[in-house]
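A.B. asks: Below is one structure. I have some questions about it.
Taken together, the values in this text are just the output of simple stated rules run on the coordinates, not laboratory data. The structure presented is a predicted model; accordingly, all values stated were derived computationally and were not measured. All Cβ positions, even for glycine, are placed from backbone atoms using ideal geometry, and neighbour counts span all protein chains on display.
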Amino acid sequence: MLTHEFSAPFSFSKTAKYIGRYENAQTHAVSDRQFCQVLADEDGYYLVEITPHGENAVRAEIKVGKFTSAREAQLQHYMLRTFGCDDELLRFYEFSETDRYLRKWTREYCGLRLVGMHSLWECLSWSIIGQQVSVASAFSVRSRLALYCGAVVSWQGKVYEGFPTPEAVLSMTPDELRNCGLSRQKGEYLQGLAQELCLGYLSASLLSESDPAGIRARLIQLRGIGPWSVEYAMMRVHGDPDACPFEDIGLRNAIAREYGLGRQASVEETQNITERWRPFRGYATFYIWFTLLNSTK
């Protein structure tokens, strides 16, 4: 069992609300008082439950699987990436006071964490799976992949889905990938990414490096990974507070709504508006994304 304490404002319910809408389609896995995550290591898949612990901390407990020193380290990394850096959030809150829109969002959603992803493989795979399809369709494909590859854990009569390892995806045939809902091209992209990782051409630790320009240059070389995917990975895995996928449809829709444009914001308009958010475009983007989620209560 591990605990993670926060020195910056923290709202478990708001953070879990984002996870439950955009990270996990399994309604039994997420509530405003807990969420569950399937992780994987050399010993297989295991299930972790995250719950609030007092006013300003969370607790992580392995519910299915053995607690080992390797899993403890992996879980610490998962917690750090999921909830982000307190110092960066505090700096963003201070910066938000200079802009009336940012100030409105940070006050309304105070304590919302910029939910990160602990896995470069899963983040880039999700961006490939989700290209040009609805969120519901992307979740369906991810679920079928998890079930086919056995990336699942059962607990208390319910099945919890994780994400297949690169090795598992690499072992699938083109027909098996298509049966999971992937087009031929997406299947090739996904297996190409898996091969890069398995052969060591792409390191899972790439996004822990300190040179954002070098990371971006490496990621954009990958087949199936475009500018949006690069910025998404920089935001969600690297934790770059200024990463900004300004071509994102959700971001453009949110800007249209919050700024009263009466139509979807163009890419150029989105670039111009997000420039005002430097050097915290990543945090500002995440918070304005949340306004869309909150408008569909």
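A.B. asks: When the chain is modelled as a GNM with alpha-carbon springs shorter than 10 Å, which of Leu170, Leu90, Leu182 fluctuates the most?
C.D. replies: Leu90
A.B. asks: I've got another one for you. Cα gyration tensor of region 249-294, axes a ≥ b ≥ c as square roots of the eigenvalues: rounded (a/c below 1.5), prolate (a/b > b/c) or oblate? All intermediate terms of the calculation are to be shown ahead of the outcome.
C.D. replies: Working: a/c = 2.05, a/b = 1.12, b/c = 1.84.
Note, shape of region 249-294 comes out oblate.
A.B. asks: Please compute the modelled spin-label separation between Ser171 and Leu147, points set 7 Å along Cα→Cβ, answer in nm with one decimal.
C.D. replies: About 2.0 nm separates the two model spin labels.
A.B. asks: Next question, about the same structure. Report relative contact order for region 120-238 in percent, whole number only (criteria: Cα-Cα under 8 Å, sequence separation at least 6). Walk me through the intermediate numbers first.
C.D. replies: Numbers: 116 pairs, mean separation 34.2, N = 119.
Reported as a whole number, the value is 29 percent.
A.B. asks: Run the reach check for Lys66 against lysines, Cα to Cα strictly under 21 Å, same-chain hits fewer than 8 apart removed. What comes back?
C.D. replies: Lys158
A.B. asks: Now for a different question. Give the long-range amide H neighbours of Ala243: residues separated by 5 or more places, or on another chain, with amide H under 5 Å away, using H modelled in the peptide plane at 1.01 Å from N.
C.D. replies: HN-HN under 5 Å from Ala243: Gly282.
A.B. asks: Add -39500 (n - 2.57) for each DSSP H run of 4 or more in the chain, then divide by its residues: what number comes out at 222 nm, to the nearest 500 deg cm²/dmol? Each step should come with its number before you reach the end.
C.D. replies: Working: 14 runs with 141 residues, N = 297.
Result for the chain, helices only: -14000 deg cm²/dmol.
A.B. asks: For Val159, project a label point 7 Å along Cα to C-beta. Then give me every residue of region 178-198 with its amide nitrogen under 17 Å of that point.
C.D. replies: From region 178-198, the list is 179-181.
A.B. asks: Suppose each label sits 7 Å from its Cα in the direction of the beta carbon; what would the Ser205-Asp99 distance come out to in nanometres?
C.D. replies: 3.5
A.B. asks: Report relative contact order for the chain in percent, whole number only (criteria: Cα-Cα under 8 Å, sequence separation at least 6). Could you put the intermediate results ahead of the total?
C.D. replies: Working: 415 pairs, mean separation 48.2, N = 297.
It comes to 16 percent, rounded to a whole number.
A.B. asks: Moving to a separate point now. Relative contact order of region 175-297, please, whole-number percent, based on alpha carbon pairs below 8 angstrom and at least 6 residues apart. Please report the intermediate quantities before stating the final value.
C.D. replies: On the way: 106 pairs, mean separation 21.4, N = 123.
Relative contact order comes out at 17 percent.
A.B. asks: Under the Karplus relation 6.51 cos²θ - 1.76 cosθ + 1.60, θ = phi - 60°, what is the ordered set of whole-Hz ³J(HN,Hα) values for region 57-74, x standing for Gly and Pro?
C.D. replies: Along region 57-74, the couplings run 7, 10, 10, 10, 9, 6, 8, 9, x, 7, 8, 10, 5, 5, 5, 4, 5, 5 Hz.
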